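The values are calculated or read from the model by the stated rules, or taken from the named source; none is laboratory data. On a predicted model such as this, the values are computed, not experimentally measured, just so you know. Ideal geometry is used to build each Cβ from the backbone, glycine not excepted, and the neighbour counts take in all protein chains shown. Please note that ligands, DNA and RNA were not included when accessible areas were found on the heavy atoms of the full protein model with its side chains. Shrake-Rupley method; radii C 1.70, N 1.55, O 1.52, S 1.80 Å.
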Amino acid sequence: MNKLLLLLSLSLAGQAGAATLTVWNHFTGADEVAWIQAQAAAFGKATGHKVNIVSLPLDQIPDKLIQSAPRGQGPDLVVTLPQDRLGQLAASGVVEPLDRYVTSRTDLDKTAVQAMTYQGKLFGLPMFAESVALVYNKKLVPQVPANWNDFVALAQKNTGNGRFGFMMDVGNAYASYGIFSAYGSYIFKNNGGTLNTRDIGITNAGALKAVSLLNDLRYRYGLVPEGVSSQVAKSAFVDGRLAMVLTGPWDVGDFRKAGIDYGIANLPTPPGATSKWSPFVGVQGVVLNAYGKNKAAAAQFARTLVTSTSQVSFNKAGGRIPVSLAARTQLKTDPNVAGFGRAISAGTPMPNVPQMGAIWGPWDNAVAQSVQRPKPDFAAILRDAQKAIQSGVK
């Protein structure tokens, strides 16, 4: 739908009766706050509906929504919520399925749509996403090799005399997930869009290969010294001493400030993997209060926020990676949008079921243990983690 038709449809809808919408929002950056206020004003002018933006801390919104919505005290819309709380909100009945309000999803990144889908229903309109990707210093690495062996050789060539070829937090389960996925490991088995929380795949053959490769990055290839955290890697890249780092869009602002000429690529397919590298993708989307009295108007406003025009202006305001494919095309000269956009499209949504809360502690601990010394008993480490996870899920 072009902009003229969108404004016309909004204007016609507004003639049916004006509503006052309350929108909870957690943006804190001045430019993003101004953006959401401008969107509300433009929507009000086009439709006659009034939109009140209420600012709340992100970590308070999910619980506050669960408590207040059934009493009729919640918002009409929340902009935005991360998908890791979506399952809990859907199970509690406080968020409205959006399938009947959304006639087309073709412009939205499929990974992002999947992240906001719970038990086959769309419970949120995705607005922006993030994942890790391989950020490289073009002064040291003109182009990232597509082949794993060539990638390792190039990293080793750039290692020595105070310089490093590649770094990542190898003990971090979130950052490492793309390698697990490439080898066929998974958190919960995905059966046609529904996650089976009883089928946990962190002890299968693929998981063993993944932790072994992470161990190799440190002890066999000699690329990631002990004690390297995400902060250590970031500092080395900012200083110009690191050629390639696995990180996310949250760090690129500092890379720009440091004057690093960088590019962004997907990590090459690990050796012997059955699939390509597929990192975890975090998505935030707009959700509708199931108890709201102005659902149609709230859904109209939600749709305006994910149009390509709105997504481009939102990116300009805060640098978030849009989920609108048309917006990405318009922003294709932005290395962050182009690079992280490719990683997001190739990625796997973080599970949005409540049982994910039982995963992080044991799994993160297992990955960390797997890289503390050369070739530990990977199978035993992962079995212990799985037992703890299964107990937590129950």
Worksheet item: When you go through G361, G282, G341, G292 one by one, which is the residue that is assigned to a loop (DSSP other than H, G, I, E, B) and either without any contact (Cβ under 8 Å) to a residue 40 or more places away in the chain or not polar (S, T, N, Q) (or both)?
Response: G292
Worksheet item: Do you know which residues across region 108-143 are closer than 26 Å to S278 by Cβ and over 23 Å from the mean Cα position of the chain (by Cα)?
Response: N137, K138, V141, P142, Q143
Worksheet item: For region 275-318, how many residues meet the condition of being buried (at least 24 other Cβ atoms within 10 Å of the Cβ), among the β-branched types (V, I, T) and over 20 Å from G29 (Cα atoms)?
Response: 2
Fill in: Per-region count, region 247-263, residues more than 16 Å from the chain's Cα centre (by Cα) and either under 16 Å from K138 (Cβ atoms) or touching a residue at least 40 places away in the same chain (Cβ under 8 Å) (or both)
9
Practice prompt. For region 194-243, name all the residues that are open to solvent by less than 10 Å² (accessible area, probe 1.4 Å), of a type outside the set (A, V, I, L, M) and under 16 Å from F151 (Cβ atoms).
Written response: none
Worksheet entry | In region 344-358, residue modelled with the lowest pLDDT [restricted to those that are small (G, A, S) and part of a helix (DSSP H, G or I)] | G357
Worksheet item: Of the residues I321, I260, which single one is among the β-branched types (V, I, T), surrounded by fewer than 22 Cβ atoms within 10 Å (Cβ to Cβ) and at pLDDT 95 or above?
Response: I260
Discussion item. Let me spell it out: the conditions are (1) part of a loop (DSSP other than H, G, I, E, B); (2) buried (at least 22 other Cβ atoms within 10 Å of the Cβ); (3) not basic (K, R), and G184 meets all of them except one. Which number is the exception?
Written reply: (2)
Worksheet item: Which one of D199, D150 is of a type in the set (D, E) and within 30 Å of A236 (Cβ to Cβ)?
Response: D150
Practice prompt. State all residues of region 54-107 that are of a type in the set (S, T, N, Q) and either assigned to a loop (DSSP other than H, G, I, E, B) or under 23 Å from the mean Cα position of the chain (by Cα) (or both); if no residue qualifies, say none.
Written response: S55, Q60, Q73, T80, Q83, Q88, S92, T103, S104, T106
